[in-house]
Amino acid sequence: MSGAVDPLELVGTTIDGRFRLERLVSPSTQSSTYVAVDTRDRRSVHVRLFTPETSMSIGDAVLEQARLVAGINHPTVAGVLSADRVDVAGHRMVYVASERPLGGTLQDMLDRGRLLSPSQAVVVGVDVCRALDRAHRRGIVHLDLRPSAIMFSENQRVVVSDLGIAAPSAEVAWSVPSAVSPERARYASPEQAEGQPFDEKTDVYALALVLVEAVTGSVPFVTDSVVATLSSRIDRLFPVSADLGALASVLEKAGRARPEDRSSAAEMGRALVQSAQSMARPDSLPVVVSDATGEILVPSLEIDPTVDVARPSEFASMATSETAASSSTVSRDIPTAVGDLVIKSDTEVLGPVETDETDDTDDQPRVARWILAATAALVLVVGGFFAYRFITDSGREIPILANLTEGQATNSITEYGWDIERVEEFSEDVETGRVIRTEPPAGDSLKSSGVLTLVVSSGPPPVPLPDLANLDSVSAVTALGNVGLQANVLEEPSEDVVKGLVVRWVVAEQPNLAAGDDVIKGTTIDVYVSQGPAPRIVPDLKGQTLESATAKLAEARLVIKRLDDQFFIDVPAGEIGSQVPAAGEQVERDSEISVVVSKGPDVVAIPVVRRLNFEQVKQALVDAGLVVGNVTGNTNGVLVALAYNGQIVTPGQLLPRGAAVDLAYFGR
């Protein structure tokens, strides 16, 4: 929570006079989730308590979302029991109390190393799609769907938590994508990664990631850092493998990079049901049931095998039915199933069908004999049927799949019951990710359960990166073009390479590649051409000795040139008094910098002018290297004083050569 409130210290606190916090489940910077006891209804619930700061900033939005979710009455959506602002430990906080199913979460299963089969993933995915579809049609989104938000009731029904409630926090977190937590980035959509607007299609992408993880144990595109994880998800094909079976095509569409190309929750749900045609009946899920002694792993109830098989189109009930009631018996009105895989309808309870327990001990032997006879006959009939079907199965004609994307090709042949294998092959002509051909080829017949290999293009074959050293820019561009590579010509200074020749060449995505290494055809190569040596900034040499100035210029690969020494009033002898070019100017490498060394100040002595007339005085000053300044008084009279800059000076005193000496005479 915040620095002011320790979430662990709140354990034992009763919220809103009703919900007693028993155990901290998930603390975060914006909120903390607790297992709590509803003291009024005497049941276990979840309470999400938002920090004081978060309650102030987005509390109203959270409460509005809670109000909307409370209006969804459906078994796949965790119901909101209560939501309000309350005083907790001296702080005003928003809380949301919601139902807590006792079958644990999908994350609990994954943490115990238990992966789902594709058919089990269909069962989970369909119920999540039901929950999302109902929420999306009311304008409610999740935006933080992950395995820990997919819970299970004790009878194995999926229940999605935090719908709507998590959305305001997610919108705040994604305002700066690079700052989100690794766990949030793990299930992010491409539009979230790019900082673009996102909507309900983000939930569909997250569900696709979750289902891949549930089957394979790993999340696509996840790397060691948040930035790399998000970057690797942008404009990338969603990775699906043969291990996913018929589920692959469903996840490929749900995981498309562009939201407009992605399935809606309802479309994904219908596609999941359709994919179940070629799947075996799923085993029960190992839900984690909570009891008074803690959490224990137990097998859940068997999926009812007696529900009638229905066509995939009957899944349309997901998009139209708003029924939220539960029943102790299995509903036969709108079942949703394919083959042996039973997808429960909206009104079903995942429990065993009640059977007639009437005791008829007198007829048991007779009944047993009839059962054995009927079973034997059934085996012969069913066996004969499958033998006949196998013998008469002439197969289906393989359609032309060339140039389709892998997902499109897989979708178009799902109904044929073929096992799909995938191999990659280089192709100059077929775009990456599209089918080059099939094996067996199009037009051949292939029986059900036969293996069809999709040969998918991995793009043009790689080409060796040419050596561009000492080529000019035109020759370098030509050399790259000859092997199918693009050139991006740039310039940079070089101390060693002649101006106009290639300094280096780099593949931006693979900077360690060298000449001779393979690169993908069409790759753009950054070619850096020499501008010659970088310009030098002329240092300030004034006041330095000739030796130190020479060393300083040599470091910058500049040359010193000494001009004739001169007098400088303010520069001691032996130090540099002036330079050309001036300090701070730019020059080319190896340029000459001219300097003048000071001989010190140029001074002369004031001559003796006693008993000289005015003209003689002037001549004496000029001969000494001085000039006559202001003259006051009667020049025919007596010379009273000589002055320099307002100060009286006397014969023999040193003044700068050319200094103006003022003369003061007595009288007018």
Output for the range 16-43, where each listed residue is of a type in the set (G, A, S), assigned to a strand (DSSP E or B) and surrounded by 15 or more Cβ atoms within 10 Å (Cβ to Cβ): S31, S32, A36
Output for the range 568-599, where each listed residue is in contact with a Ser or Thr (Cβ under 9 Å, 6 or more places away or on another chain), buried (at least 16 other Cβ atoms within 10 Å of the Cβ) and of a type outside the set (D, E): F568, V571, I576, G577, S578, Q579, V595, V596, V597, S598
Some residue of the range 132-142 being touching a Lys or Arg at 6+ places or on another chain (Cβ under 8 Å), over 26 Å from V11 (Cα atoms), in a helix (DSSP H, G or I) and of a type in the set (G, A, S): no
Residues located in the range 415-447, provided they are in contact with a helix residue (DSSP H, G or I) (Cβ under 6 Å, 6 or more places away or on another chain) and polar (S, T, N, Q): none
Complete set of residues in the range 66-85 that are farther than 21 Å from L102 by Cα and either part of a loop (DSSP other than H, G, I, E, B) or polar (S, T, N, Q) (or both): G71
Failed item, numbered, when T523 is tested on (1) in contact (Cβ under 8 Å) with a residue 40 or more places away in the chain; (2) under 30 Å from F426 (Cβ atoms); (3) among the β-branched types (V, I, T): (1)
All positions within the range 201-247 that are among the polar types (S, T, N, Q), within 22 Å of R112 (Cα to Cα) and either crowded, with 24+ Cβ neighbours inside 10 Å or in contact (Cβ under 8 Å) with a residue 60 or more places away in the chain (or both): T216
Residue satisfying condition, being out of contact with any Leu (no Cβ under 7 Å at 6 or more places or on another chain), more than 30 Å from G217 (Cβ to Cβ) and small (G, A, S), within set G103, G79: G79
The range 132-186, subset within 22 Å of Q120 (Cα to Cα) and among the aliphatic types (A, V, I, L, M), residue nearest to the chain's Cα centre (by Cα): L145
Qualifying residue in the range 472-482 (condition: more than 24 Å from V423 (Cα to Cα), exposed (fewer than 14 other Cβ atoms within 10 Å of the Cβ), at pLDDT 90 or above and touching a Pro at 6+ places or on another chain (Cβ under 7 Å)): no
Whichever residue in the range 423-450 is outside any loop (DSSP other than H, G, I, E, B) and acidic (D, E) and, among such residues, is farthest from S241 (Cα to Cα): E439
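The values are calculated or read from the model by the stated rules, or taken from the named source; none is laboratory data. Because the structure is predicted, anything quoted here is derived from the model rather than measured. Cβ coordinates were reconstructed from backbone atoms using ideal geometry, including for glycine residues, and neighbour counts include every protein chain displayed.
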